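None of the figures in this text is laboratory data; all of them are computed from the coordinates on show. Just so it is clear, the model here is predicted, and its values are computed rather than measured. Cβ coordinates were reconstructed from backbone atoms using ideal geometry, including for glycine residues, and neighbour counts include every protein chain displayed.
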Amino acid sequence: MVEARGVVKSYAGIEVLKGVDLTVTRGEVTCLIGPSGSGKSTLLRCINHLEKHDAGELRVDGALVGYEARGHKLHELNDKQICAERAKIGMVFQRFNLFQHLTVLENVTVGQVKVKGSSDEAAKAMARKLLARVGLDDKEKNYPSQLSGGQQQRVAIARALAMEPKLMLFDEPTSALDPELVGDVLEVMKDLARSGMTMIVVTHEMNFAREVANTVYFLDSGVIEESGDPRSVLVNPTSVRLQSFLSKVL
Ligand code: ADP
Ligand code: MG
């Protein structure tokens, strides 16, 4: 589903991603761990067409991110094409980014109607099904400000799922939550993983990574230092940097 080969990204001449290789298989959960500033969010933003990488090859579902091949030449996608590609990828942020002036139900229907072209009725039916799935079917008339952080994050997940994405990206989805609210959000994510959704999750929740991830990548200073099965990467890390990182977060 995602194939990165030597992906490089710089900001103002400073390389933030220094040649990242990553492979995400369809239906699998990939956890991305690493210290603050290592480039985790930047990598997700490149995968999601929010940033353009400077070098290397990045493919999502076989297609080059930001380009299309016509004959033997690559052409940059225009804004409309980029938006269409982005709509196929769900993204959940640390700060839930819900539309504050819309109700919970409207938050989950608006993209379906405006981007996917669903009818009002179909959008509501889909939204109610998804709100039930994340345990919030009794909150559809509430506004985001009336919900806890954990509930808002579950609405954000339902909103992303309403677009029927083929890939879901999570950027530290539980980092802004009070500890007692983390569990419900992780449960929703585990349920999603069990349903076969392809997911890339940036997280500091090592238990989640150990239990749910098929593969863990450790990113440090823009380089993948180590990757593999969570049971080996998290339990018997070979890189000194990963050993040091784990000793701080565990
Ligand atoms: P992480 O998510 O692992 O904490 P980021 O991908 O957010 O790391 O950031 C990696 C590095 O890139 C940091 O040094 C950050 O300051 C820098 N960076 C991120 N976004 C921008 C930007 N839009 N402009 C300039 N520098 C940025
Ligand atoms: Mg980040």
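Between the listed residues GLY149, THR103, CYS31, the Cα displaced farthest toward the positive end of the dipole of the chain, a dipole computed from Cβ unit charges relative to the Cα centre, is found at THR103. Each label point was placed 7 Å from the Cα along the Cα-to-Cβ direction; for LYS248 and LYS88 their separation is 3.8 nm.
If we count every other residue with Cβ under 10 angstrom of LYS52's Cβ, Lys/Arg +1 and Asp/Glu -1, where does the sum land? Walk me through the numbers on the way to the answer.
Details: positive: LYS9, ARG45; negative: GLU51, ASP54, GLU76.
Net local charge, LYS52 excluded: -1.
For region 108-250, DSSP calls about 55 percent of its internal beta bridges antiparallel. Here the label points at GLN81 and PHE99, each 7 Å from Cα along the C-beta direction, are separated by 2.8 nm in the simple model. Shape class of region 78-172 from the alpha-carbon gyration tensor: oblate, with a/c at 1.5 or above and b/c at least as large as a/b.
Amide H contacts of VAL8: GLY19, VAL20, ASP54, ALA55, GLY56, each under 5 Å away and 5 or more positions distant or on a separate chain (H built 1.01 Å from N in the peptide plane; Pro and chain starts excluded). Other residues whose C-beta falls under 15 angstrom from the C-beta of PRO237 contribute a net charge of 0, scoring Lys and Arg +1 and Asp and Glu -1.
Quick one: which of LYS18/LYS73; LYS18/LYS88; LYS40/LYS248 span more than 21 angstrom between C-alpha atoms?
Among LYS18/LYS73; LYS18/LYS88; LYS40/LYS248, the Cα-Cα distance tops 21 Å for LYS18/LYS73; LYS18/LYS88.
Is the shape of region 115-166 rounded, prolate or oblate, going by the alpha carbon gyration tensor and its root eigenvalues a ≥ b ≥ c, with a/c under 1.5 for rounded and a/b larger than b/c for prolate? Prolate shape, in that a/c is at least 1.5 and a/b is the bigger ratio. Remark: the Cα gyration tensor places the chain in the oblate category, a/c being 1.5 or greater and a/b not exceeding b/c.
If you take the beta carbon distance between ARG128 and SER239 as r and set R0 to 45 Å, what does 1/(1 + (r/R0)^6) give as a FRET efficiency, to the nearest 0.05? Walk me through the intermediate numbers first.
Working: r = 47 Å, r/R0 = 1.04.
Efficiency computed from Cβ-Cβ geometry: 0.45.
For a protection proxy built on the mean count of beta-carbon atoms within 10 angstrom, sort 135-146, 212-223 highest first, please. Before the final figure, lay out the partial values.
On the way: 135-146: 15.4, 212-223: 21.0.
Result, highest mean Cβ count within 10 Å first: 212-223, 135-146.
Ordering GLY117, ALA87, LEU242 by Cα displacement along the dipole of the chain toward the positive end leaves GLY117 in first place; charges were set at the Cβ atoms of Lys, Arg (+1) and Asp, Glu (-1). You can think of it this way: the chain between VAL113 and ALA69 has 12.8 nm of extra reach, that is 0.36 nm per residue less the Cα-Cα gap.
When DSSP assigns beta bridges and you keep just the ones with both residues in the chain, what percent turn out antiparallel, to the nearest 5? In the chain, DSSP labels about 60 percent of beta bridges as antiparallel.
How large is the dipole of region 118-198 about the Cα centre if only Lys and Arg carry +1 and Asp and Glu carry -1, each at its Cβ, rounded to the nearest 20 debye? Intermediate results must be reported in sequence, preceding the final value.
Working: 11 positive and 13 negative charges, 57 e Å.
Its charge dipole is roughly 280 debye.
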